[in-house]
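This report concerns only the one structure given below.
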Amino acid sequence: MEYRVKDITLADIGKKRIDWAESHMPVLNALRKKFESTKPLQGIKVAGCLHVTKETGVLTKTLKAAGAEVSWCGCNPLSTQDDVAASLARDQEIGIFASRGVSTEEYYSDIHSSMKLGPNITIDDGADLTVEIHNSLSSSSSSSSSSSSSSRPSITKDDLYGGTEETTTGVIRLRAMEKSGKLMYPILAVNDAETKHDFDNVYGTGQSALDGIIRATNVLIAGKNIVVAGYGHVGKGIAKRAAGLGANVIVTEIDPISALKAKLDGYFVTYMDDAAAKGDIFITTTGCKDVISLNNISKMKNGAILANAGHFNVEIAVAELDKNALKKDPINDHVMMYELSQNNKVYLIGEGRLVNLAAAEGHPSEVMDMSFANQFLSVLRLATTGKDLKPMVYNIDKSQDQEIALAKIESMNVKIDVLSPQQKEYLEGFSEGT
Ligand code: NAD
Ligand code: ADE
């Protein structure tokens, strides 16, 4: 298999880390054991564009065990774990094209290399692969991507059964493509499964974003004013963990319902320009752009720390910081100091890219277990019925959520009650009242 990784000699370390993740992913392991003899993905080509982490290594192993031919690339320039990439190339014989710290050009070249497999099914996180496949299919240059078309391979539409999408921002992009009549093949919105977004986005990012900030800076969270921009799934997870560590949490929102939830959950809610002067640490979680502007930054305390947990690096005004800083100085591998004036130094983590993957290891394996069980079952569904689906974005069946949640609680030895026939009848009827 052709591959492009940073250092193939890191494969031993990567293999051990994938094994560690595997031992914490019981639901995905059970699926591998269930399907490794029948190989329902035999003859199916899967191209993935999703953070190359030890947990992703367990997903690719499961896809291969079920018979799929797999190619893969990273979905963020700073999230690839190079030891894992090396192991995927050497131990799993995956066509892997990824390394940490790629330029935008290299990033798209890696996506194009993974497309060369000629996929039947795509797995995406943020929709960059799906958009590139659409650019290839339409051969029009009208789509807004920063990729160079020179290395983009041509794709045969008839080969495509469908794709999956892992994250909120990707689902929003793909629904926008559907709405504008541009979506050419069906997508299963893995993010929108309850066993994905109510756990991965909330508990996964809640823990791993703070992990990234702490690993990068080792600052004390207790007593700090932490500004969380956005109080959706990711924002509420981070706010709760930060409060649990003793921070005073300030929330900014644009949606009155989410703002109200934050207020009643006990946080101080205000607009960013006000929060700017109050915060010690800022974490964006919105999926929107221009959330922290240069003007906001100019009002911040000297020494403020900035981090982003949203999918793309568009939430904090990084380009303006680069342009306007009097001085820029790296503090360590993950933190850059920007001096805007003598009393206005700020510290940006991970270039404003997903802080949990740029400065830490991403979500814990136990959470990715459910996200990737959803990915695997969605790929199985596309392999069997994808060709019958229209080019639309589909929600995940409730039965898939139930199956995954049941397997997860069983693996945690959690016991629950079962409805009696009388209770079932009561819940389904209307005749019994006061
Ligand atoms: P969500 O829709 O549940 O929440 C987003 C919230 O941000 C909403 O409440 C919205 O009203 C608010 N918002 C939007 N624009 C805003 C603005 N300008 N200022 C303040 N608030 C604003 O989405 P989510 O599931 O929480 O995902 C948020 C982002 O995080 C997405 O980009 C998603 O792809 C990404 N994500 C990252 C990780 C990770 O590993 N870092 C994991 C899951 C999701
Ligand atoms: N997204 C967030 N955390 C992740 C992880 N550990 N692996 C893959 N994708 C992720």
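Values for this structure:
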| quantity | calculated |
| --- | --- |
| Selected residue [in a loop (DSSP other than H, G, I, E, B), at negative phi and away from ligand 2 (no atom under 16 Å from the Cβ)] from 79, 136, 149 | 149 |
| Filter result for residue 303 (among the small types (Gly, Ala, Ser), within 13 Å of ligand 1 (Cβ to nearest atom) and either open to solvent by less than 40 Å² (accessible area, probe 1.4 Å) or in contact with a Ser or Thr (Cβ under 6 Å, 6 or more places away or on another chain) (or both)) | no |
| Selection within the stretch 242-271 - part of a helix (DSSP H, G or I), surrounded by fewer than 22 Cβ atoms within 10 Å (Cβ to Cβ) and not β-branched (Val, Ile, Thr) | 243, 244, 256, 258, 259, 260, 261, 263, 264 |
| Qualifying residue in the stretch 168-175 (condition: part of a helix (DSSP H, G or I), in contact with a Leu (Cβ under 9 Å, 6 or more places away or on another chain) and farther than 20 Å from residue 52 by Cα) | yes |
| Residue ID - farthest from ligand 2 (Cβ to nearest atom), chosen from residues in the stretch 190-215 that are out of contact with any His (no Cβ under 7 Å at 6 or more places or on another chain) and of a type in the set (Gly, Ala, Ser) | 193 |
| Unique match (being in a loop (DSSP other than H, G, I, E, B) and either open to solvent by 80 Å² or more (accessible area, probe 1.4 Å) or away from ligand 2 (no atom under 16 Å from the Cβ) (or both)) among 408, 390, 345, 424 | 390 |
| Residues located in the stretch 278-292, provided they are over 10 Å from residue 304 (Cα atoms) and not hydrophobic (A, V, I, L, M, F, W, C) | 284, 285, 286, 287, 289, 290 |
| Cross-chain or 6+ apart pairs with Cβ under 8 Å, the stretch 242-270 first and modelled with pLDDT of 95 or more, then among the hydroxyl-bearing types (Ser, Thr, Tyr) and open to solvent by 100 Å² or more (accessible area, probe 1.4 Å) | 252/271 |
| Qualifying residue in the stretch 319-332 (condition: touching a residue at least 40 places away in the same chain (Cβ under 8 Å) and away from ligand 1 (no atom under 16 Å from the Cβ)) | yes |
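The values are calculated or read from the model by the stated rules, or taken from the named source; none is laboratory data. Small disclaimer: the values here were computed from a predicted structure and weren't measured. Heads up, the Cβs are rebuilt from the backbone with ideal geometry, glycines too, and the neighbour counts pull from every protein chain shown. Just the protein is used for accessible areas: all its heavy atoms, side chains included, with ligands, DNA and RNA removed. Shrake-Rupley method; radii C 1.70, N 1.55, O 1.52, S 1.80 Å.
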